[in-house]
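Engineer: Here it is: the structure, laid out below.
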Amino acid sequence: LDISFDGKLAVSASADLSVKVWDLENRSESFSLVGHDEAVRAVRLSRDGGIVYSGSADGSLKAWDIHQRWESPTINSHLNDVRALTINPNGTLVVSGSLDSSIRV
């Protein structure tokens with residue numbers, strides 16, 4: 001779960017293989033981003049709120065453009081569930097953590 005810096009939207013990981021995007025002002029789901037092959041376990045928004053990063057139970061990572069609802073090619077970087085995602089303060093690095101006891105940059 002993550003909330004944009006302006007407090008207007010949130011994103012959540014879902015067992016239905018999607019990332020949910022929420023409108024916090026209207027307190028409703030705006031849309032879902034679908035593309036993972038297994039449950040989504042971690043999400044993180046970019047500082048400007050335009051990109052959401054997601055990690056899945058199959059060890060894969062995706063980046064999504066929220067405005068155009070476009071997904072980047074899948075990155076298969078872990079051998080097990082991705083359970084943590086973070087972004088450095090200037091937005092140039094995304095770090096993922098997995099149940100396989102590894103982190104990836």
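The values are calculated or read from the model by the stated rules, or taken from the named source; none is laboratory data. From a predicted model like this one, the values you see are computed outputs, not experimental measurements. Neighbour counts are summed over all protein chains in view; Cβ atoms, including those assigned to glycine, are modelled from backbone coordinates with ideal geometry. Heads up: the accessible areas ignore ligands, DNA and RNA and are worked out on the full protein's heavy atoms, side chains in. Shrake-Rupley method; radii C 1.70, N 1.55, O 1.52, S 1.80 Å.
Engineer: Assign one of three labels to segment 46-88, namely rounded, prolate or oblate, based on the Cα gyration tensor with a ≥ b ≥ c the square roots of its eigenvalues; rounded applies when a/c is under 1.5, prolate when it is not and a/b is larger than b/c, and oblate otherwise.
Structural biologist: Verdict is oblate for segment 46-88.
Engineer: Assuming a viscosity of 1.567 mPa s and a temperature of 4 °C, what translational diffusion coefficient in µm² per second does Stokes-Einstein assign to the chain, Rh being the Kirkwood radius over Cα pairs?
Structural biologist: Taking Rh from Cα pairs, D becomes 96 µm²/s.
Engineer: So, by mean Cβ neighbours within 10 angstrom, what's the order for 40-47, 75-82, 88-95, 5-12 with the highest one leading?
Structural biologist: 40-47, 75-82, 5-12, 88-95
Engineer: Next question. Work from the charge dipole of the chain (Cβ charges, +1 for Lys and Arg, -1 for Asp and Glu, about the Cα centre) and give the residue of Asn76, Ser4, Leu24 farthest towards its positive end.
Structural biologist: Positive-end residue among those listed: Ser4.
Engineer: Between segment 41-99 and segment 16-31, what is the C-alpha centre distance in whole Å?
Structural biologist: Going from one Cα centre to the other spans 17 Å.
Engineer: Additional query: So, counting K/R as plus one and D/E as minus one, what does the shell of residues with Cβ under 10 Å around Leu99 add up to?
Structural biologist: Cβ neighbours under 10 Å give a net charge of 0.
Engineer: Quick one: length gained pulling Asp100 to Gln68 fully straight, 0.36 nm per residue minus the C-alpha distance?
Structural biologist: 8.3 nm
Engineer: I would also like to ask the following. Counting only heavy atoms of the protein chains, get the accessible area per residue of segment 53-105 (1.4 Å probe) and round it to a whole Å² value.
Structural biologist: Accessible area per residue, segment 53-105: 58 Å².
Engineer: Roughly how many debye, to the nearest 20, is the charge dipole of segment 49-105 about its Cα centre, given +1 on each Lys and Arg Cβ, -1 on each Asp and Glu Cβ, and no other charges?
Structural biologist: Result for segment 49-105 is approximately 100 debye, rounded to the nearest 20.
Engineer: Along the positive direction of the dipole of the chain (beta-carbon charges: Lys, Arg +1; Asp, Glu -1; about the Cα centre), which of Leu85, Ser60, Ala13 reaches farthest?
Structural biologist: Leu85
Engineer: Still on this structure, please answer the following. Quick one: if you stick a label point 7 Å off each Cα along the C-beta vector at Ser28 and Leu79, how many nm between them?
Structural biologist: 4.6 nm
Engineer: Please report, as a whole percent, how much of the solvent-accessible surface of the chain comes from carbon and sulfur atoms (probe radius 1.4 Å).
Structural biologist: Whole-percent figure for carbon plus sulfur exposure: 51.
Engineer: Relative to the Cα centre, what is the charge dipole magnitude of the chain, using +1 at the beta carbon of each Lys and Arg, -1 at the beta carbon of each Asp and Glu, and rounding to the nearest 20 debye?
Structural biologist: Result for the chain is approximately 220 debye, rounded to the nearest 20.
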